[in-house]
Amino acid sequence: MKRWVIKDKGDEKLVTTLSEQVNTSEVISRLLVQRGIDSFDKAKQFFRPSLEDLHDPFLMKDMNQAVDRIGTAINRHERILVYGDYDVDGTTSVALLYSFLRTIYDNLGYYIPDRDNEGYGISMKGIDYASENNFSLIIALDCGIKAVEKVKYAGEKRVDFIICDHHMPGETIPDAVAVLDPKRLNCDYPFKELSGCGVGFKLIQGFARIHDIPFENLIPFLDLVAVSIASDIVPMAGENRTLAYFGLQQLNIAPRLGLRSICKIAGLSGKEINISDVVFKIGPRINAAGRMEAGSRAVKLLIASNEKEAVEGGQEIDTYNLDRRKVDQEITREALMTISQDHKLLNRKSTVLYNPTWHKGVIGIVASRLIETYYRPTIVLTSSNGKATGSARSVSGFDLYQAMESCSHLLENFGGHMYAAGLTLEKENIDAFSECFEKVVSERITEEQTVPIVDIDAEITLNEITPNFVNVLKQFDPFGPENMAPVFVARKVLSGPGSRLVGADGKHMKMDLMQEDGKTISAIAFNQSHNADVIQNGKPFDICFTIEENEFRGNVNLQLNVKDIQRAG
């Protein structure tokens, strides 16, 4: 049973005033107010994003130093190594900066650490590689903000660092030539939630301004920025929304060869690609390279300069993704079986599982899948380089990072944020850590946090879903955190005679829905066959749903995507 939470309606006077100013319904203006859009000017900026709204890159601390050091490296013909993490944000960041610099300079290389042998972020091995191959400047993207000792080690090897990161800094900032991170306490950059690739884009924006490169030359790189924003689940607000909006345009009109190859393989050719397509079809394929083989394969595809490279790279990455899906499904099955057969595990407030044979590249996905069945903070561990390493995922409202911090005496290292984190510990500490984590979670988690939530924006009738209403809703796109696709609730709905179970295993429900004296709207409810008796007994029921357009064989139809169903009243 899910808990439905209807958001606050907001200041009614403000909602009414905005409705008059923007000339739209009060439901729409309420959605805007809920998102912090409470004036005509803010609404105009929201519905009509402009690249002129992007902030001055030189508001970011150390931007001048970063731009100067790259300029010096080019003038001196130094070798520059572009370094990034192995996930989507890291590989798109590397592809962006490497591709940009390649248009003006050719003494370049790129480096992605190996997930198994080096782990996340800047590694000693990577620095040694730079030193041995005469790279005197490393530009690190999507990582490095806590690499104090690594940067010091690089200095001893006479290798300079520029760090472009978006994660929370530690107490000490690395002693690099420049550290670009809007989350630095002493950084006045007005938007704090850029992706790693977004920080990389600000760097090339700053460099382009100083070196008289037209801003128009940077627009082709926005497809990579949009992919990073969508895949890294950063807030889809402010500057991110502007970058994603124009990045999606680039992805649809003139994507780089590598992304075009992925889109074709993912069945996206000929359709308008949206954020959901990036999150579920493009991002996972890019991620699969780092999970199953090497993140450098993803970069190679994203910087491909000819059709042959792009096609071959796309096929290779798709193979990794198919392998990844098989592996994560098998590990998820094993993990669920482990929990179901252990009475102690079943009755815990948290899940901590360790299996040395599980593939390191997919345990984060497995942790997320376990939460779908056992809704509680979850950590999945495996063996790597003689230690236990893992991924942690949380539930709505529970601060996972703080809980892990309370058990940090048992961890070698950990990092992340409220809802997702990574950790490493000695194998002999696994049991003690599991008990500590369970104790902390049990003491802090509330009863409400143990029930899955459906956040609902507004209550409407099916009659209110008009073509004009849907057209305005479409302009809320691109969707993401802080601007999720609006979820509505409709009461006392009835199911028509055409409702049926669909899908290979009958897990989904296809429905024709209506309210009394209202029109009929088609709907789909994924993985909700357990609610079949509720809709088929002839009695009214309540639904919460998003509104979407379903494209099938070239035909586009309006459809409700039903998130949950409950008996009326």
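The values are calculated or read from the model by the stated rules, or taken from the named source; none is laboratory data. Just so you know, these numbers come straight off a predicted model, no measurement behind them. Note that we place each Cβ from the backbone using ideal geometry, even for glycine, and neighbour counts take in every protein chain shown. Side chains included, ligands, DNA and RNA excluded: accessible areas come from the protein's heavy atoms. Shrake-Rupley method; radii C 1.70, N 1.55, O 1.52, S 1.80 Å.
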- Residue hits (segment 7-16; in contact with a strand residue (DSSP E or B) (Cβ under 9 Å, 6 or more places away or on another chain) and open to solvent by less than 80 Å² (accessible area, probe 1.4 Å)) are 7
- Note on the structure: The correct count of residues that are more than 24 Å from residue 489 (Cα to Cα) and touching a Pro at 6+ places or on another chain (Cβ under 8 Å) in segment 1-60 is 3
- Message: I'm checking my understanding of the structure. Among residues of segment 395-424 that are open to solvent by 50 Å² or more (accessible area, probe 1.4 Å) and of a type in the set (Asp, Glu), which one is modelled with the highest pLDDT?
- Response: 405
- Note on the structure: Residues of segment 58-88 being under 13 Å from residue 296 (Cα atoms) and touching a Ser or Thr at 6+ places or on another chain (Cβ under 7 Å), in sequence order, are 84, 88
- Message: Quick check on segment 513-525. Is at least one of its residues surrounded by 14 or more Cβ atoms within 10 Å (Cβ to Cβ), assigned to a loop (DSSP other than H, G, I, E, B), touching a Lys or Arg at 6+ places or on another chain (Cβ under 6 Å) and touching a residue at least 12 places away in the same chain (Cβ under 8 Å)?
- Response: no
- Item | All positions within segment 119-141 that are surrounded by 17 or more Cβ atoms within 10 Å (Cβ to Cβ), part of a loop (DSSP other than H, G, I, E, B), without any contact (Cβ under 8 Å) to a residue 60 or more places away in the chain and out of contact with any Cys (no Cβ under 7 Å at 6 or more places or on another chain) | 123
- Note on the structure: So the helices (runs of 4 or more DSSP H) completely within segment 263-354 holding 3 or more residues that are under 19 Å from the mean Cα position of the chain (by Cα) are 283-292, 295-302, 307-340
- Residues of segment 251-262 satisfying the condition of being within 11 Å of residue 222 (Cα to Cα), of a type outside the set (D, E, K, R) and over 19 Å from the mean Cα position of the chain (by Cα): 254, 255
- Checked segment 425-464 for anything among the aliphatic types (A, V, I, L, M), touching a helix residue (DSSP H, G or I) at 6+ places or on another chain (Cβ under 9 Å) and either open to solvent by 50 Å² or more (accessible area, probe 1.4 Å) or within 18 Å of residue 31 (Cα to Cα) (or both); matches are 458, 460
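Looking at 440, 395, which one is under 19 Å from residue 345 (Cβ atoms) and in contact with a Phe, Trp or Tyr (Cβ under 6 Å, 6 or more places away or on another chain)?
After ruling out the rest, the residue left standing is 395.
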- Would you tally the residues in segment 237-255 being part of a helix (DSSP H, G or I), touching a residue at least 60 places away in the same chain (Cβ under 8 Å) and of a type outside the set (Lys, Arg)? 8
- Query: Picking from 97, 51, which residue would you name as being over 30 Å from residue 6 (Cα atoms), open to solvent by 30 Å² or more (accessible area, probe 1.4 Å) and among the hydrophobic types (A, V, I, L, M, F, W, C)?
  - Reply: 51
- Pair list, Cβ < 6 Å and 6+ apart or interchain, from segment 67-82 residues that are more than 12 Å from residue 136 (Cβ to Cβ) to residues that are open to solvent by 30 Å² or more (accessible area, probe 1.4 Å) and of a type in the set (A, V, I, L, M, F, W, C): 67/210
- Note on the structure: Going through segment 465-495 in order, the residues found to be within 22 Å of residue 46 (Cα to Cα), of a type in the set (Gly, Ala, Ser) and open to solvent by 20 Å² or more (accessible area, probe 1.4 Å) are 485
- When every residue in segment 534-569 that is open to solvent by 80 Å² or more (accessible area, probe 1.4 Å) and farther than 17 Å from residue 276 by Cα is compared, the one modelled with the lowest pLDDT is 553
- Checked segment 54-91 for anything touching a strand residue (DSSP E or B) at 6+ places or on another chain (Cβ under 6 Å) and exposed (fewer than 14 other Cβ atoms within 10 Å of the Cβ); matches are none
- Task: Scan segment 391-404 for residues that are closer than 12 Å to residue 415 by Cβ and part of a strand (DSSP E or B) and jot them down.
- Result: 391, 392
- Task: Say whether the condition of being touching a residue at least 12 places away in the same chain (Cβ under 8 Å), outside any helix (DSSP H, G or I) and within 30 Å of residue 363 (Cβ to Cβ) is met by at least one residue in segment 149-160.
- Result: no
- Applying the selection to segment 272-299, what residues are free of Cβ contacts under 8 Å to residues at least 40 places away in the same chain, among the charged types (D, E, K, R) and open to solvent by 40 Å² or more (accessible area, probe 1.4 Å)? 272, 281, 293, 297
- Query: Quick check: is even one residue across segment 355-362 at pLDDT below 90, touching a strand residue (DSSP E or B) at 6+ places or on another chain (Cβ under 8 Å) and surrounded by 16 or more Cβ atoms within 10 Å (Cβ to Cβ)?
  - Reply: yes
- Query: Within segment 461-488, can you find the residues that are on the phi < 0 side of the Ramachandran plot, assigned to a loop (DSSP other than H, G, I, E, B) and touching a residue at least 24 places away in the same chain (Cβ under 8 Å)?
  - Reply: 461, 465, 475, 476, 477, 478, 479, 481, 484, 485, 486, 487
- Item | Test for residue 19: is it without any contact (Cβ under 8 Å) to a residue 12 or more places away in the chain, out of contact with any His (no Cβ under 9 Å at 6 or more places or on another chain), open to solvent by less than 20 Å² (accessible area, probe 1.4 Å) and not charged (D, E, K, R) | yes
